[in-house]
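Student: Here it is, the structure, as C-alpha cells.
The values are calculated or read from the model by the stated rules, or taken from the named source; none is laboratory data. Keep in mind the model is a prediction, meaning the values are calculated, not measured. No Cβ is skipped: glycine too gets one built from the backbone with ideal geometry, and neighbour counts run over all protein chains shown. All accessible areas refer to the heavy atoms of the entire protein, side chains included, with ligands and DNA or RNA removed. Shrake-Rupley method; radii C 1.70, N 1.55, O 1.52, S 1.80 Å.
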Amino acid sequence: MMQDQSGMFAEERRQKILALLHLEKRVIAKELAERFEISIDSIRRDLTIMEEQGLLQKTHGGAIPSMKVRQPPQPPELRYGEGTQEGNAIAKLAVSYIREKDTLFIGSSSLTYLLLKHLPEQMPLTIVTNSMKVAEALREREWIDTYLIGGRVKPSGNMTDVLASESIRQFKFDIGFMTGGGISDEGIFVATPEVAAFGRAASAVSRRRIGMATHHVIGQDGFAKAGAVEDLDVLITDEKADQEVVKRIQETGVKVVVAKTEESSSLC
C-alpha cells in the first residue's frame, strides 16, 4: 500500500477523513489536500472510494456524512435546545419576515422552535402549532393568541396524524414556516408519510411559505416527500450550504437567502 508525502497510508488517511467528517459534518476537498499534503485528485479518489463503501456522500467540492433515506427524529431533549449558531441565524432572519398581527404556522421541528426566542416582544400575533412544546413556550405571552390543533399526541408531544391534517385545513396563514429532514431541487423530504401529508396540508393553507434549512439538510433527500421545493416562496439557509445545490434550487424559481452567523458578520 502506497504512502502519501506525510508517510501516511491511504487507508489511514481515509480513517482520518472519516473522523474529521463525523466531527465537522462536512469536509472540503481542497482543505483536505492541503491538510494531508497530497493532490486534490488523490483526495477526490479517496472520497469516491469512501462513497462506494457507503461511508460518506460526495458533494460539489467535498463530502457530507452518509445519510439513511429514513432519518429518525431527534429525541425532544435534543430537538428543543438552544440550537446551533447557524440555526439561530436562520431563525432570526426568518422572524424578520413577520409583521404585526400576522397569523403564522409554526411546526414541531428543532429549527422552527428557535423562532420563538427571536419573536419581537409585545408584537401581537396569532400562532397555530401542532407542537405541545411550542404551545407551552407561548402560553404566557399574552400578546400572542396561540392555537394548538387536535390529533393523536405522539411521545414527542406533536400531532401529525389524519385528524391533525384535517384540523389544520380549518385555518389560513399569512406565513407558514416549512422545514424538512432534506431539501433539494427534488423536493422537501421528511421521515414518514404521515408527517409528509401534514406538511402538505399546512403548506396548502399558507399564503406565503418560508422554508428554513441548515446546510446539513440542503441537498439531502429522504423517505417521504412533503412537497416540491418550488412551493416555497423563500428558502433561508446558512453560509455552509452547498452552492451547487443552492443554484439548482434557485433555478426552480425559489428565492434563496443566506443567513450569516454573528461570528461571520463580525469578520466582515
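Student: Given the convex hull over the Cα atoms of the chain, what projected area results after averaging over all orientations, in nm²?
Tutor: 15.4 nm²
Student: Of the listed pairs Lys92/Lys225; Lys133/Lys225; Lys117/Lys255; Lys16/Lys58; Lys92/Lys154, which have alpha-carbon separations greater than 23 Å here?
Tutor: Lys92/Lys225; Lys133/Lys225; Lys117/Lys255; Lys92/Lys154
Student: To the nearest 20 debye, what is the magnitude of the charge dipole of region 147-268 about its Cα centre, counting +1 on the Cβ of each Lys and Arg and -1 on the Cβ of each Asp and Glu?
Tutor: 480 debye
Student: Express the carbon and sulfur contribution to the solvent-accessible surface of the chain as a percent, rounded to the nearest whole number, probe 1.4 angstrom.
Tutor: For the chain, the apolar C and S fraction of the accessible surface comes to 50 percent.
Student: What is the distance in Å between the Cα centroid of region 204-245 and that of region 156-189?
Tutor: 13 Å
Student: Continuing with this model, one more query. How many Å² of accessible area per residue for the chain, probe 1.4 Å?
Tutor: 52 Å²
Student: Please give the contour-minus-distance gain from Gln15 to Ile49: 0.36 nm per residue of separation, less the Cα-Cα distance, rounded to one decimal in nm.
Tutor: Full extension from Gln15 to Ile49 adds 11.0 nm.
Student: How far apart, in nm, are two points set 7 Å out from the Cα along the Cα-to-Cβ line at Glu82 and at Lys154?
Tutor: Roughly 2.7 nm, to one decimal.
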